[in-house]
1. If R₀ is 22 angstrom, what is the calculated FRET efficiency for the pair Arg361 and Asp291, using the beta carbon separation as r and rounding to 0.05?
2. Would you grab the residues whose amide H sits under 5 Å from the one on Leu71? Only those 5+ places off in sequence or on another chain, please, with H modelled 1.01 Å from N.
3. Roughly how many debye, to the nearest 20, is the charge dipole of the stretch 72-189 about its Cα centre, given +1 on each Lys and Arg Cβ, -1 on each Asp and Glu Cβ, and no other charges?
4. Just grab the label-to-label distance for Leu319 and Thr176, each label 7 Å out from Cα along the Cβ direction, in nm (one decimal).
5. Mind sorting out which of [x] 49, 23, 22; [y] 33, 27, 22; [z] 30, 28, 21 is the real semi-axes √(5λ) of the Cα gyration tensor in Å computed from the coordinates?
6. What list of ³J(HN,Hα) values in whole Hz, one per residue of the stretch 111-125 in order, does the Karplus curve 6.51 cos²θ - 1.76 cosθ + 1.60 (θ = phi - 60°) give from phi, with Gly and Pro shown as x?
7. Going Cα to Cα from Lys260, which lysines come in below 28 Å? Please leave out same-chain ones fewer than 8 positions away.
8. Collect residues whose amide H, placed 1.01 Å from N in the peptide plane, falls under 5 Å from the amide H of Asp50; neighbours closer than 5 in sequence don't count.
Amino acid sequence: MTSEPTKTRASRRNFLKVAGLAGAGAVAMPQVSRAQTVTWKFQSTWPTKDIFHEFAGDFAKRVNDMSGGRLKLDVLAAGAVVPAFQMQDAVAAGILDGGHGVSAYWYGKNKAFSLFGTPPALGWDATNFLGWMNYGGGYDLYNDLVQNQLKLNLVGFFSGPMPCQPLGWFKKELKTADDFKGLKYRTVGLAADLKREMGAAVTILAGGEIVPALERGVIDGAEFNNPSSDSILGFQDVAKVYMLQSYHQAAESFELLFNKTKFDALAPELKAMVKFAAEAASSDMNWKALDRYSKDIEALRAKGVNVVATPEAILKAQLAAWDKVLDKLGGENAFFKKVVDSQKDWVKRTVSYQRLNEPSRDLAFNHFFKS
């Protein structure tokens, strides 16, 4: 016959064993939201073969991998659902769930849009611009524009610092600022105001429309973005002068847009994954661009393209035109001026530090690589 104390000890051991198993299960199964898998239509504003569309896919892969498939971005090329310039409206309306593009494409709604992604050439680069977005008040101003002033059902993130954009492709080399007078030229955003100030007749076209227009003589010159994208679009087949260095878009980055209603409905950890994927993709894009663009500029030279630096006279004329554009638009739009003032404050402080702290790259490069 078992004594009562023995029964009590056995029961206690059984209880602790069961409790231990339950505790182990709790450790193995962290408490995260278990929402059903969601697939979102995520359209870029770029042709399928463009490296920019590849960048959109790189960002989406990070989201898909980090979420374990709980949030899947189905990447579509420009025109799959709507044309490139209609992407923002489609995302806001919920026709698309998200998209990859540049804020300059929406400057028809408010020219301040172009300040977020294609800001004026203040002596900064795109990495510094992203610093302003994150630590200089840029996101607060952007969200004010998108959600309060224009009442757009959108959430946006900025990612991917672009190198300074080339002046563009031309049938003959431009020597002076006067060569822009009457020139039929393609660009977008505030660069359109800049080039009009310099006397050009500006046409705004989506990427896939530029080369056919240049080939037919509808335009005399055009810029898109970089050696890799320009090669895929086929600029080298219709023009042989490629002019690098320009102040028209010297600090551009990509804009990742999402329908706000749908984004707000995501679990907190999925929202965080989207944000962190944008930041991770930003660094990777910068590294990939350095590799690909440097290779593709050499490939263009090998195909007979005359790659030349823009004359200093044209660069100075661009800066003088920026003065006039910023004064004019700032006088017409108080919010525009508020954003530019914030950017100038940031640049004055941060670039002053960079210039004080960093030695000349030209001095070092010339020492090791120039005879």
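1. Efficiency, from the Cβ-Cβ distance: 0.75.
2. Val38
3. Values: 10 positive and 9 negative charges, 97 e Å.
So the magnitude is around 460 debye.
4. Calculated label separation equals 2.0 nm.
5. [x]
6. Values per residue, Gly and Pro as x: 4, 5, 3, 5, 6, 9, x, 9, x, x, 7, 9, x, 10, 10 Hz.
7. Straight-distance partners of Lys260: Lys41, Lys61, Lys72, Lys109, Lys111, Lys151, Lys271, Lys275, Lys337, Lys338.
8. Under 5 Å from the amide H of Asp50 lies no amide H from a residue far enough along the sequence or on another chain.
Read-outs throughout are calculated quantities, based only on the coordinates presented, and are distinct from any laboratory measurement. Just so it is clear, the model here is predicted, and its values are computed rather than measured. Using ideal geometry, Cβ is built from the backbone for each residue, glycine included, and neighbour counts are taken over all protein chains shown.
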